[in-house]
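Chemist: The structure under discussion is supplied below as structure tokens; questions concerning it will follow.
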Amino acid sequence: MDYVTGVLTKVMVDYFEDDYRRIEHAIDVLMHIEIIADSCQDELEYDDEILIASALIHDVGIKQSEAELDYNNGQTQEKYGPPGAKELLEGCGFPEEKIEMVCKIIGNHHTKSRFESVELELLKAADQIVNKMDG
């Protein structure tokens, strides 16, 4: 595990505390995004740090959505996720120039893509695989 993955995994685990379902989901998405990215690395250009951050913290909006609204869905995750992600990423020293892109990805991972990003498409694919497995 590289440094960025280790730091962001700790940030995500600390954030979700004892919500083991969300922690496991994030780790599964990371595993699948790495498999997909590795299989496409000769054809696609992507930023590893943005990919890792997006995979591990893509669902941070769930916690605030459930606290404020008593439910969560794709729309609320996209609404609450980016501000929460920005705070977490700034707090752990994630590269400032990459935070905006991670937040953009998190704010678009449940809807039709509103911008082009290899990292967003890889996240959507990995999240969809894990969600189907979770049934």
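Chemist: Consider LEU51 carefully, then state whether it is in contact (Cβ under 8 Å) with a residue 60 or more places away in the chain and farther than 18 Å from GLY107 by Cα.
Modeler: Answer is no for this residue.
Chemist: Moving on. Out of the residues in segment 53-71 that are in a helix (DSSP H, G or I) and over 12 Å from the mean Cα position of the chain (by Cα), which is surrounded by the most Cβ atoms within 10 Å (Cβ to Cβ)?
Modeler: Residue satisfying both the conditions and the ranking: SER65.
Chemist: Considering only segment 87-133, state which residues are β-branched (Val, Ile, Thr) and surrounded by fewer than 16 Cβ atoms within 10 Å (Cβ to Cβ).
Modeler: The answer is THR111, and nothing else.
Chemist: Here is a follow-up. Listed residues GLY84, GLY74; which is farther than 15 Å from MET12 by Cβ, of a type in the set (Gly, Ala, Ser) and under 15 Å from the mean Cα position of the chain (by Cα)?
Modeler: Going through GLY84, GLY74 in turn, the sole match is GLY74.
Chemist: I'm told HIS32 meets every condition in (1) farther than 18 Å from HIS109 by Cβ; (2) in contact (Cβ under 8 Å) with a residue 24 or more places away in the chain; (3) touching a helix residue (DSSP H, G or I) at 6+ places or on another chain (Cβ under 6 Å) except one. Can you identify the failing condition by its number?
Modeler: Of the numbered conditions (1) farther than 18 Å from HIS109 by Cβ; (2) in contact (Cβ under 8 Å) with a residue 24 or more places away in the chain; (3) touching a helix residue (DSSP H, G or I) at 6+ places or on another chain (Cβ under 6 Å), the odd one out for HIS32 is (1).
Chemist: Filtering segment 87-108 down to residues that are in contact (Cβ under 8 Å) with a residue 24 or more places away in the chain, assigned to a helix (DSSP H, G or I) and not β-branched (Val, Ile, Thr), which residue is farthest from LYS10 (Cα to Cα)?
Modeler: Among them, the one singled out is MET101.
Chemist: Identify, from the list ILE50, ILE35, the residue that is within 17 Å of THR5 (Cα to Cα), within 13 Å of the chain's Cα centre (by Cα), among the hydrophobic types (A, V, I, L, M, F, W, C) and in a helix (DSSP H, G or I).
Modeler: Only one candidate qualifies: ILE50.
Quick grid of which residues meet (1) at pLDDT below 95; (2) farther than 23 Å from CYS92 by Cα; (3) among the aliphatic types (A, V, I, L, M):
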residue: VAL4; (1), (2), (3): yes, no, yes
residue: VAL7; (1), (2), (3): no, no, yes
residue: ILE27; (1), (2), (3): no, no, yes
residue: GLN41; (1), (2), (3): yes, yes, no
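The values are calculated or read from the model by the stated rules, or taken from the named source; none is laboratory data. All values reported here derive from a predicted model rather than from experimental measurement. With ideal geometry, Cβ positions are generated from the backbone for all residues, glycine too; neighbour counts draw on all protein chains shown.
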